[in-house]
Every structure is written in structure tokens, then in C-alpha cells.
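The numbers here are math on the coordinates, done by the rules we state, and not lab data. All values reported here derive from a predicted model rather than from experimental measurement. Cβ sites come from the backbone with ideal geometry, for glycine too, and all protein chains shown count toward neighbours.
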Amino acid sequence: MAGLELLSDQGYRVDGRRAGELRKIQARMGVFAQADGSAYIEQGNTKALAVVYGPHEIRGSRARALPDRALVNCQYSSATFSTGERKRRPHGDRKSCEMGLQLRQTFEAAILTQLHPRSQIDIYVQVLQADGGTYAACVNAATLAVLDAGIPMRDFVCACSAGFVDNTALADLSHVEEAAGGPQLALALLPASGQIALLEMDARLHEDHLEQVLEAAARAARDVHTLLDRVVRQHVREASILLGD
Amino acid sequence: MAMEMRLPVARKPLSESMGRDTKKHLVVPGDTITTDTGFMRGHGTYMGEEKLIASVAGSVERVNKLICVKALKTRYNGEVGDIVVGRITERRRSAEDELAMRGFLQEGDLISAEVQAVFSDGAISLHTRSLKYGKLGQGVLVQVSPSLVKRQKTHFHDLPCGASVILGSNGFVWIYPTPEHKEEDAGGFTANLEPVSLTDREVISRLRNCIVSLVTQRMMLYDTSILYCYEASLPHQIKDLLKPEIMEEVVMETRQRLLEQEG
């Protein structure tokens, strides 16, 4: 087959990674002082920024307030310079709305909303550079931002994407691998209990292969959890040193 | 006109030696705190299966049988008896309300009040039924994270440097010139609109910058820490206190002085 070889005979991908290997992840919490919680994450060349405000009073119509839990409001936006071709509309287009809905679904499962009735939690995510795995980067950044804001959560939410090429499941797809057109699966996991917050795939994949791909995504999400866990512990340790007493 | 520019610099990681030796139990959400079911669960925890799991990232605090996790930054949780400072954003529009309160408190007024009751859904009811609460006149408001305001017996402090400060438990700190004489009969509803002298205004600006420095370096706010920080900042100009390196220096000195005073 002419063109780009997504998986070489020796088992190397386009960027030199192995099939189940993640890209380098770097993350920082508390990047904005003005917001209640904020975080920045880089997964390879994909860069995402998340900002959390809340819990606070419902903005707009009071009728939307839920009497027993908090409303989670997510907005996804990708910068005009984030993709190869300059994007016309940063937010408000169909993909951004869908992403916002998916993020809301994910975080409603993880945040303990019963503790803040009649309030609203806003999560804003911005993708600064999109090189594949944007949903996963957004979820990971938003998790760190929610933790930074001190909003109680059941567990971390760690996400990763996975694909399937040459009978092998690939974890953490880059843009080149996504554009090649194969099946792609996005998985958001609560690692401690192994519960799935969101599972999304919009391609054709034979059901025999589903378990293999799902397993690869779950393993990658747990690896992401190990890294994020380290970042959060370091942040908490530094802050508690400063606080003293 | 002189202009100052700064370039970004890599952050220095904090050295472990700066902190004291207390080994705190730090947890992140999803961590099991204990499998012993004898404990009562407090804030920042939830019950999952048979164990107590943390729901925020912070340090575990245990008081007898109560376990809670204190997060780094939290939204303010009202407790009865707390002093809070706030701005009136909206008020009930009813006939009795019109007759009674319009003359005293308007929308947009800044007030100090005490928490009277906390409802089950988290809503708080306040009262200003004492002469020391009420409308706040001239001064400066600083908004900080509620977790940095230390719980003390009193939150109204008259600092010896020449200004007074109200440390609201909700993170709103009000700095104002110390009133010349306590006006007992007026109560808290008339604002003092006399001009404030330059020296008083300089003291208040310096205090405000000191509080911002303490908060940036994540130190607890209470009367002693604010006072020591003020004294440590005197060699510098007021506007220099906003520069990061001077902030660090001043807070470091404050920290050392507080440590010496304790130990």
C-alpha cells in the first residue's frame, strides 16, 4: 500500500512510538490566579487549557436550577491557529457543541454534584494546538482544573484515544493517524473503580476487535492517571509546604 | 518616562527543607483514606463500597472520630458565627422591605455581617444585629481565597500601624482608616465620607499590597502575619511590593519572624 505506513514491520509508528505507547505528557495546575481552578496540559503536540469557575449561583434563568444538585456547564473552543488550516469559527460550530456536550456528560458522572444544590459549575476548555486526541487532552486538562478549584470529585477522569491498524490496537493517536481514516475510539475512565465515564466511536470496527481496542485505551488511560496523579501530588505538596502549620 | 519589562523565567521548584517536618497525609481524589468503618466522614470524603475515599486533593485532618480532607482552595462554606464581608447584589422587593430597609441599605452597598443560620442546601442567612456590623464606608477591598483566612476569636483588628482591617471568613478583606472615635449611637448604617488623609491612605495601600503578597505566597492571613509583613515591607516603596522578587523577600522575612516567635 503506497503512502504513509502507520505501523512498520518492526512495530514502530510514524513518530517512532510503539503501539501502546503514550506521547509525552506535561501538565501544570493553577496557571490562572483569577479563575477558581485552571490547568494546562500538553500531550505530545496537542495543547489544551482548562478553566473552571464555581460552584456559584446559576447565571441567567433561575428556572434552570436543579433543586438537589449542581448544573455542570461545559464549553469547548479551539483556537483559530490550532489546526493546519486556519479555522473560521472558534466556537459555536457543530463539533464544538458536540464536544461541549460530551465533556458535560463526562464530568456530570465524576463530580459529586449533590453537594452543591442549586448552583452551577462552569468548565471552559480551549485547545491551543490540535495534533490528535483533543477530546482526551480536554478531559485531562479539565480534571486537573476541577481538582485545582477544590470541587469534590469521585475520582480522576482520565481519557485517551485508541485506533486499530494491522490487527494491532494503537493508543493515543496523533493527527496523522487520525486523518488516515481508521476507526478511532475515545475513552474516559475513572481509574480507581475502572468505571467508564464516556466511550465514543464513530467509525466501523468489527466487534471481534472491540475488546482489544478498548483494552488498549483503558491501559493508556491508566498510564495517563499515573502521570496526572504525580502532577497533582507535587502541586499539593508544594502548596502545603508554603502553607506551613 | 521609565518603563519596566519582564521576561518569563522558569519557576524554581520549592525545596523540601523550607517546610517543617510535619508529615502530612496528602491525598488525591480516588485515594482510599481508611478501610476502618468506625470513622465519621467529614468534608472532602465520601463513602464508596466499604472504604472512605477522598474527593478533593489536599491533606487529611483527623479530629477524634471525624476524618476530613482539607482542599487547597475551597469555596466558602458558611458556619454560624462567621463574620463575612459582602456586597448587596439583590434584595427582596416587598412592601415591608421597602418601608424598613430602603433608607439604610441599598443595592451595591458593601456590608459586614454575621452568619445567623445555614440551610441544608448551603444557603446562608446573615444578620447585622450589632453595632459593629453594617455598611462599610471608605476603604479598600481585597478578595482572597477563603481557605487562607485563619479562624480566630475576632476578625476585626485595629492594627498599630494606623489602619483597621476586617478579615471576612468568605475571603473578602476590608481595610479602612481607624475611626477617630467610636460612634456608638450612629450604629452601622451611616457611611463616613470625610476625606482620608494622605498618611492614612499610604498605610492602607501598603497593607493592601502586603496582603496580596501574603496570598500570592500562600500564607495564612491573620492579624500577626499581616502586621509582621507590614513591618518587613517598610524599607521598600509601596509600588515595589508588587514585584515578584520583593514579594518573595518580604514574605520570607515574615515567615522567619513568625517561626521565631513560635519556637
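Among residues that are away from chain B (no Cβ under 14 Å) and aliphatic (A, V, I, L, M), A:LEU205 is included. Considering only residues in segment B:69-102 that are in contact (Cβ under 8 Å) with a residue 24 or more places away in the chain and more than 14 Å from every other protein chain (Cβ to nearest Cβ), the one that is surrounded by the fewest Cβ atoms within 10 Å (Cβ to Cβ) turns out to be B:GLY81. Helices (runs of 4 or more DSSP H) fully within segment A:91-183 that include at least 3 residues being in contact with a Cys (Cβ under 8 Å, 6 or more places away or on another chain): A:94-110, A:134-149.
The residues listed here are A:ARG204, A:ARG219; of these, the one that is farther than 15 Å from A:THR143 by Cβ, of a type outside the set (Ser, Thr, Tyr), out of contact with any Asp or Glu (no Cβ under 9 Å at 6 or more places or on another chain) and in a loop (DSSP other than H, G, I, E, B) is A:ARG204. Residues of segment B:35-53 that are within 11 Å of chain A (Cβ to nearest Cβ) and not in a loop (DSSP other than H, G, I, E, B): B:THR45, B:TYR46, B:GLY48, B:LYS51, B:ILE53. For segment A:28-52, filtered to residues that are in contact with a Lys or Arg (Cβ under 9 Å, 6 or more places away or on another chain) and aliphatic (A, V, I, L, M), the residue that is nearest to the other protein chains (Cβ to nearest Cβ) is A:ALA39. Restricted to segment B:225-256, and to residues there that are surrounded by 16 or more Cβ atoms within 10 Å (Cβ to Cβ) and of a type in the set (S, T, N, Q), the residue that is farthest from B:VAL149 (Cα to Cα) is B:SER233.
For the subset of segment B:54-68 comprising residues that are outside any loop (DSSP other than H, G, I, E, B), more than 14 Å from B:SER147 (Cα to Cα) and in contact (Cβ under 8 Å) with a residue 24 or more places away in the chain, which member is farthest from the other protein chains (Cβ to nearest Cβ)? Applying the filter and picking the extreme gives B:LEU66.
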